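The values are calculated or read from the model by the stated rules, or taken from the named source; none is laboratory data. All of these numbers come straight from a predicted model, not from anything done at the bench. Neighbour counts are summed over all protein chains in view; Cβ atoms, including those assigned to glycine, are modelled from backbone coordinates with ideal geometry. Just so you know, the surface numbers come from the protein's heavy atoms only, side chains and all, with ligands and any DNA or RNA stripped out. Shrake-Rupley method; radii C 1.70, N 1.55, O 1.52, S 1.80 Å.
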Amino acid sequence: MEDSANVTLQLQRWREGDAYALDALLPAVYGDLRLLAAKRLADHPEQRTLQPTALLNEMFLRLLGAERIDIVDREHLFRLAARTMRQILVDRARRAAADKHGGDWQREDLTQALGLPLPDHTDLGELDQAIAQLERLDERLARVVELRYFVGLSVPEVAGVMNVDERTVYRDWALARSWLRTRLDG
């Protein structure tokens, strides 16, 4: 809890223009996110082209390069990180799908590497659209999907980041997976 309060305080100081707050914030948050990314990628050794450091560096470059970004607290930071990682992976899949980059072979490999409970030939562009549609129906379900799939958080970790009960996350996770399967199979 102290870490969460410190992150929120540093974010508030940064929003108020204190550049040193960002210097204090980034190493702590970067370490946590890198460990989570490394753990997630370790579960999928077939995904050799994506390193946790590279994914996190690109995520931070995108977040810090945004015109105006108001990150309010730790939960908001993790939501933005999940969404940005998702977009990075979707962008990579789209580039890989181009004929000059190897076509379907790499796209299928990436889908398998992510361990998604989806059909083998799921297009990550379609998955991205499905998650966007799910977000319009229920934002919390979409956040659970992003934090589980693209950041690799466990159910207890998601519950902590979202500040909800673990049972809620389990229910949301089951409902979101079922909804995504139905949407992508149909």
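Working with all protein chains in place, sort Glu146, Glu75, Glu16 by solvent-accessible area computed with a 1.4 Å probe, largest first. Don't jump to the answer; show the numbers that get you there.
Values: Glu146 5, Glu75 35, Glu16 135 Å².
These residues rank, largest area first, as Glu16, Glu75, Glu146.
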Roughly how many Å² of Asp32 are accessible to a 1.4 Å probe, to the nearest 10? 60 Å²
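Could you order the peptides 49-58, 80-89, 6-15, 132-141 from most to least packed, using the average number of other C-beta atoms within 10 Å per residue?
Working: 49-58: 15.7, 80-89: 21.4, 6-15: 17.5, 132-141: 13.5.
The peptides rank, most packed first, as 80-89, 6-15, 49-58, 132-141.
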Could you check the simple spin-label distance between Arg15 and Tyr30, using points 7 Å along Cα→Cβ, in nm with one decimal? 2.3 nm
With all protein chains present and a 1.4 Å probe, the order of Tyr149, Tyr30, Tyr170 from largest accessible area down is Tyr170, Tyr30, Tyr149
